[in-house]
Amino acid sequence: MILLVIHGPNLNLLGEREPHIYGSSTLDDYVAAVEEAARPYGLTVESVQSNHEGDLVDAIHTARGRCAAILINPGAFTHYAWSIHDALSAFSGPVLEVHISNPNAREAWRHTSVVAPVATGSIMGLGMHGYELAVAAIARRLGLSAG
């Protein structure tokens with residue numbers, strides 16, 4: 001079973017961009033943490049990051065019928081990318097939205113997620129631990145236990 005991990009715009013700069021908000025961990029660190037959390041459940045992790053909305057829509061389309069679940073941090077696309085919303089709504093497996101920081105504790109424009117209505121759940125504000133929790137939630141939704 002494949003877990004697709006999607007990271008949106010500017011998340012390629014993790015570890016460098018606003019470390020007081022996002023910490024010092026890099027995107028590679030986050031992907032490695034997901035791989036580690038997924039291993040006991042027998043999930044294979046594929047990861048994609050793009051600063052281009054269409055690339056993420058294509059990745060979601062390609063996941064249909066191939067991937068068991070999607071873990072997505074849409075970055076700024078969270079708040080306005082209806083094409084990502086629509087693509088996720090056509091995906092039949094669990095979708096977990098995750099955010100490193102808590103958008104609801106930040107600027108008002110960050111308080112709306114167009115992804116949340118089509119996500120199985122959302123985890124925010126817990127940094128890397130949020131990603132680990134998302135993997136556990138996905139595994140539970142898929143009926144998998146750690147082995």
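Database remark: amide H of Val45 closer than 5 angstrom to the amide H of Leu3 (H placed geometrically; neighbours at sequence offset of 5 or more, or on other chains; Pro and chain starts carry no H). Within the listed set Val48, Val115, Val95, the Gaussian network model of the chain (springs between alpha-carbon atoms below 10 Å) gives the highest mean-square fluctuation for Val48. The HN-Hα couplings worked out from phi for region 76-82 by the Karplus form 6.51 cos²θ - 1.76 cosθ + 1.60 (θ = phi - 60°) are 4, 4, 3, 9, 8, 8, 5 Hz, whole numbers, x standing for Gly and Pro. Relative contact order for the chain: 27 percent, from Cα pairs under 8 Å spaced at least 6 residues apart, divided by residue count.
Principal axis extents of the C-alpha atoms in region 5-142 (largest first, rounded to whole Å): 37, 32, 23. Only the Cβ atoms of Lys and Arg (+1) and of Asp and Glu (-1) were treated as charged; on that basis the dipole of the chain about its Cα centre amounts to roughly 440 debye. Mean-square fluctuation check for the chain, GNM, Cα pairs under 10 Å: which of Ser89, Ser24, Ser101 is largest? It is Ser24.
Every number in this text was worked out from the coordinates using simple rules, so none of it is lab data. All values reported here derive from a predicted model rather than from experimental measurement. FYI the Cβ positions are ideal-geometry reconstructions off the backbone, even for glycines, and counts take in every protein chain you see.
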